[in-house]
Amino acid sequence: MALSDLFTRRPAAPTPPAEDPAPTVWPQIGETWKPEGVTVVQRYYNQAHAVVLVYTASKRYRYGVACLGCHYTKAPSAASDWMELSDAAEAANAHAGTCRALPRDLPARPDDDTVHKLLHTRVREHQNRVTEQEFRIDALDRARLTIQRTNPWIEAALRKLADEHPDLLLVRTSHEDSLRFFVRPYTPAS
């Protein structure tokens with residue numbers, strides 16, 4: 001056998017599959033999921049086809065981002081911190097470009113007792129020892145896909161919490177007849 005025969009041989013081409021297999025579609029990855037209390041305005045796919053949502057829960061058009069693959073969320077953290085649609089879209093696109101998490105099951109809508117406990121916990125987190133703090137429903141933007149409730153439902157739940165725990169939460173009506181919630185300062189038990 002000549003040396004030239006060894007270097008001119010090429011491996012046989014692989015045989016193509018009989019049919020091109022259709023890509024596997026992940027069940028329920030969020031394309032049509034519309035959780036209660038939020039409006040999904042944009043969807044992006046991450047590298048493993050999990051959906052990254054851009055959503056709003058506010059009349060003021062504050063936007064949040066949540067990945068349905070990993071636990072990434074980005075939402076305004078304070079009343080003065082606004083996230084415009086372009087900022088939210090940029091954050092969602094940047095996350096989708098780097099996230100490799102597989103799609104998770106869609107979050108189940110929790111029962112009312114679970115949401116009441118979550119709201120109680122969130123209100124307690126706003127409590128301090130010095131001053132009364134306003135608790136805005138916007139403060140729940142990061143948790144809106146977990147809560148899956150409308151603003152009127154949340155307002156009613158906060159009113160109930162204020163009735164049950166008047167030492168924790170106070171409800172006031174503003175001059176525009178809208179409800180405002182205030183977390184009372186923490187006072188140690190004597």
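Taken together, the values in this text are just the output of simple stated rules run on the coordinates, not laboratory data. None of these values were measured; they are calculated from a predicted model.
With contacts taken as Cα pairs under 8 Å at a separation of at least 6 residues, the stretch 39-98 carries a relative contact order of 32 percent.
The aspartates and glutamates whose alpha-carbon is closer than 15 Å to the alpha-carbon of K34, local same-chain residues fewer than 8 away aside, are D105.
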